[in-house]
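The values are calculated or read from the model by the stated rules, or taken from the named source; none is laboratory data. This one's a predicted model, so the numbers in the text were calculated from it and none came from an experiment. Positions of Cβ are generated from backbone atoms using ideal geometry, with glycine treated the same way; all protein chains shown enter the neighbour counts. For accessibility, only protein heavy atoms count, side chains too; no ligands or nucleic acids. Shrake-Rupley method; radii C 1.70, N 1.55, O 1.52, S 1.80 Å.
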Amino acid sequence: MNWVTVLWPMMISACLTLALINLRIALGEVKRLPHVFFFLSAISVATVCALELTILRAESVDQVNECLRWSSIPLTVMVASVTGFIWTFFGTGRHWMAVAGVVILAGSQVANLVSSHPVVRRASAIRKVETLGGVRFTTPVVTETAWSVVEMIGVLFVIAFVFDASIALWRRGEKRRALIVGGSIIFFFLASRGHAALLDKGLVQTPYLVGLSFLAVLVAMGHELSDEVFRAAKLSRDLHESERRMDLAAHAAKLGFWTWNLAKDEIWANATARRLFEVPMDEHINMARFVVSLHPDDREGVEKAIHAALHGGMEYEKDYRAVLASGGVRWISARGRVELGNHGRPVLMRGVLLDITAQKTADTELQQLRGQLAHAGRVSMMGQLASALAHELNQPLGAILRNAEAAELFMQDPEPNLEEVRAIIADIRRDDQRAGEVIDRLRALLKRRDIETRALSVSALLEEVRALTRADAAARGVKLEIQCAPDLPAIRGDRVHLQQVLINLIINGMDALSEPRRADACVIVSARRARPGFLEVAVMDNGHGIPPDRLENVFDPFFTTKPHGMGMGLPISRTIIQTHGGHIAAENVEGGGAAFRFTLPEDGDHNAPSI
Ligand code: ADP
């Protein structure tokens, strides 16, 4: 047993181990080419080592020459696979250099193989050398031919390629990899070739060290490859960890995840998403199945939103109702994003789902509460108008009574004047209609709760409001003036709610005029076109105005300066205007008084309005 018989077999087994490890990785990896080249390099280095061992033990020149000839194959495969490794692992360097180097080298080695004796390097004699620890081994005396110059040119091209690729990788910032892999390949290529040249000339008397040098190259390559594997393993651990975190967050937030594969029309949904729709875990889901589970009223909207996302919008956002197998309905908020394939066409939609039933219920309740509050506001407002309206009702009722009495008198006549009686009855009908209209308007104001928008004429709306407030204004001695620009477009709104806003502003204006009483007390309601798409309605008075430091507070709930005020009129008015898509603001008018202006969106289709 000597170190030659121990070291070389160890090198062979090390190479084979590395080869097997990388073969295993290459078979299971997506990015497998570097591992394949590593495997080939390791196998060829193991073969080179085996041939070197045979030369060390050779007893004849023929035996050595046979080894030198057959070494062509592993040497070519080794250089080619190291080149391939750099090509695929670095992804840099000028490829023509690599191709030229490998082709020239392979050419010289083919010549070596096809001939009956080695043509690159041929042993003319063998020497038995005794070295370190008295170990005896064989070294050949080698003559180099012109082919060895060709081989050298091939090796130089490969070295130039590795150098070029390493420099490019270095510039890209991967300095360590360029230095360890590129540097060691160049160093050991040159070292082993230089050592072989010295050995061939008999200048040094050691075994060939090509196998050992390339084992070092393998170690450098393997180090970087395993680094890659470790990084992948770490990434996989991180991914797993982040998946668990995501799962936890999704679970805590009750988020459902879904992915729709467009090509296969397959929808993947996690357990939470399936629970939201009450779909069993093993049920296959596609788009048709999803649409069927939606509330019939929401299907079209959802399909439109998906269509818009797929055809350019990319983002998908929709709230809809799912009809559950158990019979209930669940509100779901869905968000998603389209993912494009290589050709820029949508291939996937991915997103999240959230149960918003509770929020929707709360919204509805809030809406109802707002409606009730607005209604309460109207009732209290009507309380203020009541006495004046009662007065307005008294007038037609009194007239009806007087006309009825007159008719009775006429009828007592043996020959009643029927023409007169007819005229009296017509008067009674007209008065009755007047009284009926007043009552109708009151009833409409007191009854309705939900907002119901439609096209409205502003001038008709202002006339209605004038009819409702006229009596109160007259009782207070306030002049009520309506100024409506001609040909105003229709607005979109709820008649009763907008009447409520206007009446509230007019009453506030009249309240501001009551103390001290003035002869020119006046409330002007005007309407005009403001910015495009909006009308502006203003209610102006020449009363005491709003103290400047209170201007900001007038819309606050419960802000009032009146002894019996509730401070709810303006906040309710603001909610109503905002619900209509408008804006309301208060200001003081130069010369005294306050003005409240609000905007309302014009009706989109400009249909002839009706009230
Ligand atoms: P209320 O009329 O019950 O006080 P509002 O919300 O309608 O409730 O009004 C809040 C306050 O805004 C009033 O108390 C008053 O101080 C002020 N205000 C409203 N309109 C006018 C106005 N035209 N002129 C002066 N102050 C006004």
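Filter region 451-484 down to residues that are modelled with pLDDT under 85, outside any helix (DSSP H, G or I) and not polar (S, T, N, Q), then give me how many there are.
Of the residues in region 451-484, 2 are modelled with pLDDT under 85, outside any helix (DSSP H, G or I) and not polar (S, T, N, Q).
Say whether the condition of being of a type in the set (Lys, Arg) and over 24 Å from MET246 (Cα atoms) is met by at least one residue in region 331-340.
No, region 331-340 contains no residue that is of a type in the set (Lys, Arg) and over 24 Å from MET246 (Cα atoms).
Within region 163-203, which residues are under 42 Å from the mean Cα position of the chain (by Cα), aliphatic (A, V, I, L, M) and surrounded by fewer than 17 Cβ atoms within 10 Å (Cβ to Cβ)?
Residues satisfying the conditions are ILE167, LEU179.
Suppose we filter region 510-560 for residues that are assigned to a strand (DSSP E or B) and near the ligand (Cβ under 8 Å from one of its atoms); how many remain?
2
Any chance you could count how many residues in region 482-506 are within 15 Å of the ligand (Cβ to nearest atom) and either charged (D, E, K, R) or closer than 18 Å to ASP520 by Cβ (or both)?
Number of matching residues: 1.
Identify, please: which residue in region 451-479 is among the hydroxyl-bearing types (Ser, Thr, Tyr) and more than 14 Å from LEU385 (Cα to Cα) and is, among those, least open to solvent (accessible area, probe 1.4 Å)?
It comes out as SER457.
Just to be sure I understand, how many residues within region 583-595 are open to solvent by 20 Å² or more (accessible area, probe 1.4 Å) and near the ligand (Cβ under 9 Å from one of its atoms)?
2
Conditions first: (1) farther than 30 Å from GLN433 by Cα; (2) over 19 Å from the mean Cα position of the chain (by Cα); (3) open to solvent by 60 Å² or more (accessible area, probe 1.4 Å). GLU315 passes all but one, so which condition is the exception?
Every condition holds for GLU315 apart from (2).
Let's see how each residue does on (1) modelled with pLDDT of 85 or more; (2) open to solvent by less than 70 Å² (accessible area, probe 1.4 Å); (3) farther than 30 Å from ASN261 by Cα; (4) assigned to a strand (DSSP E or B):
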residue	(1), (2), (3), (4)
LEU353	yes, yes, no, yes
LEU373	no, no, yes, no
MET381	no, yes, yes, no
GLU408	yes, no, yes, no
GLU419	yes, no, yes, no
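Could you please let me know if LYS234 is open to solvent by 50 Å² or more (accessible area, probe 1.4 Å), of a type in the set (D, E, K, R) and under 30 Å from HIS307 (Cβ atoms)?
The answer is no for LYS234.
Output the residue which, of all residues in region 480-492 that are farther than 16 Å from ALA538 by Cβ and out of contact with any Lys or Arg (no Cβ under 8 Å at 6 or more places or on another chain), is most open to solvent (accessible area, probe 1.4 Å). Spell out how you get there, then give the answer.
Here is the first cut: in region 480-492, the ones farther than 16 Å from ALA538 by Cβ are 486-487, 489-490, 492.
Pick out the ones that are also out of contact with any Lys or Arg (no Cβ under 8 Å at 6 or more places or on another chain) and you get 486-487, 490.
Working: PRO486: 110, ASP487: 151, ALA490: 9 Å².
Looking at residues that are farther than 16 Å from ALA538 by Cβ and out of contact with any Lys or Arg (no Cβ under 8 Å at 6 or more places or on another chain), I get ASP487.
Report every pair of residues separated by at least 6 positions or lying on different chains whose Cβ atoms are under 6 Å apart, first residue within region 527-553 and of a type outside the set (A, V, I, L, M, F, W, C) and open to solvent by less than 40 Å² (accessible area, probe 1.4 Å), second more than 9 Å from the ligand (Cβ to nearest atom) and in a loop (DSSP other than H, G, I, E, B).
From region 527-553, the pairs are GLU536/ALA530; ASN542/GLY592; GLY545/GLY592.
Scan region 567-582 and tell me whether some residue there is in contact (Cβ under 8 Å) with a residue 40 or more places away in the chain, within 14 Å of the ligand (Cβ to nearest atom), part of a strand (DSSP E or B) and crowded, with 20+ Cβ neighbours inside 10 Å.
No: region 567-582 contains no residue that is in contact (Cβ under 8 Å) with a residue 40 or more places away in the chain, within 14 Å of the ligand (Cβ to nearest atom), part of a strand (DSSP E or B) and crowded, with 20+ Cβ neighbours inside 10 Å.
From the residues in region 101-136 that are buried (at least 21 other Cβ atoms within 10 Å of the Cβ) and assigned to a strand (DSSP E or B), which one is nearest to the chain's Cα centre (by Cα)?
The qualifying residue nearest to the chain's Cα centre (by Cα) is ARG121.
For ALA252, indicate whether it is loosely packed, with under 15 Cβ neighbours inside 10 Å, under 21 Å from the mean Cα position of the chain (by Cα) and over 16 Å from VAL338 (Cβ atoms).
yes
Determine, yes or no, whether VAL217 is in a helix (DSSP H, G or I) and open to solvent by 40 Å² or more (accessible area, probe 1.4 Å).
no
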